[in-house]
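One structure is given here, and the rest of the page talks about it.
The values are calculated or read from the model by the stated rules, or taken from the named source; none is laboratory data. Everything quoted here is computed from the prediction, not taken from an experiment. So basically every Cβ, Gly included, is an ideal-geometry build from the backbone, and we count neighbours across all protein chains shown. SASA here: full protein model, heavy atoms, side chains in, ligands and nucleic acids out. Shrake-Rupley method; radii C 1.70, N 1.55, O 1.52, S 1.80 Å.
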Amino acid sequence: MTTTSTPRKITIFDTTLRDGEQSPGCSMNLSEKLEVAQALMDLGVDVIEAGFPITSIGDFEAVREIAKTVRGATICGLARCREADIDRAWEALKEGDDVRIHVFLATSAIHREFKLRMDKEAIIRHAVAGVQRAKGYCDNIEFSPEDAARTEIDFLCQVVEEAISAGATTVNIPDTVGYATPAHFAHVIKSLVNRVPNIDQAVISVHCHNDLGLAVANSLAAVENGAGQIECTINGLGERAGNCSLEEVVMALRTRGDFYHADTRVNSPRLVPTSRLVSSITGMLVQRNKAIVGRNAFAHEAGIHQDGMLKERTTYEIMRPEDVGFSQTDLVLGKHSGRAALADRARALGYHLANEQLDEVYTDFKKLADKKKEIFDGDIAALIEQRNTQIVDQWQFVSYDVHAVSGQPPTATITLSREGEPHTVTKTCGDGPLDALFNAVEEITGKSVVVRDFRVQSASRGKDAQGESIVEVEHNGRVHRGRGVSTDTVEAGARAFLNAINRIEAGQTAVGKREAV
Ligand SMILES: [Zn+2]
């Protein structure tokens, strides 16, 4: 008979910086990745998968910096079961004091036949060799049979057993293509628990994709059947429809601890600030009705609900907004707020600013406070994000001038500077002032792009709110994102477009990333 005891602890493995970052338009630069890593630490995740070091210099450096500087979580790097991959992963991780190498190899029939052209024996040989090579570098090894959810269960049991014998301490079962359903996935995990003789020597992990909208449900089904680690991302970012959403799975376990008898060490009031931070860094908006962190997640509109809520909130509320970090008040700063007050708000929003960064943001803050009376959290986040770039911007925005009349092509003049030298171009073309400005920027910088998405939204509330513009452009088959902020929305758009061009110039290239768990 079971009695009430300490809940089983589930390891939260966050892969926002690896799987999340792989989704189109979500690539982050080094300073952005470090910022997310710090926020994940504050949130209390156990493992941070920081990147896939062999795929690009950017990934390599991010894993190395995070391993070197972030303390309090295990830092993990991904590698295929190839010597060069594993060596490169270790090269990136070796200066960390708590690190893990994560090796993967596809095991499903379709991947064996069409992608790898290997038979079952060869797969096992490669998997074992990969785990052993990684084990030569460190003790903490995770092995993933890619596309496990579509792998024959007998073969999956065999591969997992061999990987554990070779030294894997975590065996991760990925539903790479989002094919599993809860009852099916429960059966897979249960089979591993019952049939793999050495299963008690490793933690079973799951990595679910959300193609059928079941990633969280599948992960919970796995926990119910013995999984001890969940791989997930902030806001469910990730390839295609994304991964298991961290905030949802964490709150499901916490809210239904009565059923799962399991919990995580996540500091749940950090969920909303972390969600906002990741959304603002990646430009991926969070849908309003998204569970846990969406703006409407705790909004009760129906009159009968409101009535019930006033009498007793638990009639319609299973969690309290403050448990997930919706603060009761949006603290307002203004002209007379000092540097310390700004630092305090920035910290509450999840930003760790070094002294000189704080000085810069404070200067911007003072300028903004001259233009608008009340400065909200959204404004502060926008100011920080605008500063938050380690790319030395090749091109700086100086000024613009547009003349637009309905029914006539607009004329735009823009001045940019490069290494202190001004460049000005005037264009009369396009179907609107921004289009004309973008054309002028393309002409000066010599970069031709296709605009895939363009948005302007207000960074906070009020008529005088800053406009925050996000633009997504395609250049040589890769998607790049730019962000610009200004109280003038046209300038915000021009700055966002220029930011995307600067990111292209900074050359965030990546190879081989399409292959991953
Ligand atoms: Zn994945």
Quiz item: If you count, for each residue, the other Cβ atoms within 10 Å and average over each peptide, how do 344-352, 50-58, 288-296, 84-92 line up from highest to lowest?
Solution: 50-58, 84-92, 344-352, 288-296
Exercise. Please turn the phi angles of the range 407-414 into ³J(HN,Hα) values with the Karplus equation 6.51 cos²θ - 1.76 cosθ + 1.60 (θ = phi - 60°), one per residue in order, whole Hz, x for glycine and proline.
Key: x, 10, x, x, 10, 10, 10, 10
Quiz item: How many percent of the accessible area of the range 107-162 is carbon or sulfur, using a 1.4 Å probe?
Solution: 48
Exercise. For Arg64, tell me the accessible area in Å² from a 1.4 Å probe, rounded to the nearest 10.
Key: 70
Quiz item: Given a cut-off of under 8 Å on Cα pairs at least six residues apart, what relative contact order in percent is computed for the range 92-135?
Solution: 35
Exercise. May I ask you to give the solvent-accessible area per residue for the range 245-358, in square angstrom, as obtained with a 1.4 angstrom probe?
Key: 54
Quiz item: Whole-Å semi-axes of the range 308-352's equivalent ellipsoid, largest first, each the root of 5 times a Cα gyration tensor eigenvalue?
Solution: 32, 13, 5
Exercise. Could you rank Ile304, Ile230 by how accessible they are, 1.4 Å probe, largest area first?
Key: Ile304, Ile230
Quiz item: So what is the orientation-averaged projected area of the range 4-162, using the convex hull of its C-alpha atoms, in nm²?
Solution: 11.0
Quiz prompt | the chain: relative contact order in percent, alpha carbon pairs under 8 Å with at least 6 residues between | solution = 12
Quiz item: Quick one: Karplus J couplings for the range 216-225, per residue in order, coefficients 6.51, -1.76, 1.60, θ = phi - 60°, nearest Hz, x for Gly and Pro?
Solution: 5, 4, 5, 5, 5, 4, 5, 4, 4, 9
Quiz item: Any idea which of Asn210, His403, Asn289 is furthest toward the positive side of the dipole for the chain, if Lys and Arg beta-carbons carry +1 and Asp and Glu beta-carbons -1?
Solution: Asn289
Quiz item: In square angstrom, rounded to the nearest 10, how much accessible surface does Leu34 have for a 1.4 Å probe?
Solution: 40
Practice problem: Would you rank Thr282, Thr413 by solvent-accessible area, highest first, keeping every protein chain in place and using a 1.4 Å probe? | Solution: Thr413, Thr282
Exercise. On the full set of protein chains, 1.4 Å probe, figure out the accessible area of His111 and give it in Å² to the nearest 10.
Key: 30
Quiz item: For the range 258-332, which whole percent of the accessible surface, found with a 1.4 angstrom probe, sits on carbon and sulfur atoms?
Solution: 53
Practice problem: Pull up the DSSP beta bridges for the chain and report the antiparallel fraction as a percent, rounded to 5. | Solution: 50
Quiz item: So what are the three principal axis dimensions of the chain from its Cα atoms, in whole Å, longest to shortest?
Solution: 74, 61, 45
Quiz prompt | Charge dipole of the chain about the Cα centre (unit charges at C-beta), most positive-ward option of Asn172, Met319, Ala340 | solution = Met319
Quiz item: Carbon and sulfur together cover what percent of the accessible area of the range 438-517 at a 1.4 Å probe radius?
Solution: 44
Quiz item: How are the Cα pair distances of the range 391-517 distributed, in percent, across 5 Å bins from 0?
Solution: 2, 11, 19, 21, 20, 13, 7, 3, 2, 1, 0
Self-check item: Sorted peptide list for 187-194, 396-403, 38-45, criterion being average Cβ within 10 angstrom, highest first
Solution: 38-45, 187-194, 396-403
Self-check item: Accessible area (Å², per residue) of the range 137-227, counting only protein heavy atoms and a probe of 1.4 Å
Solution: 34
Quiz prompt | Distance in nm between pseudo-label sites at Glu322 and Glu83 (7 Å out along the Cβ direction from Cα) | solution = 6.0
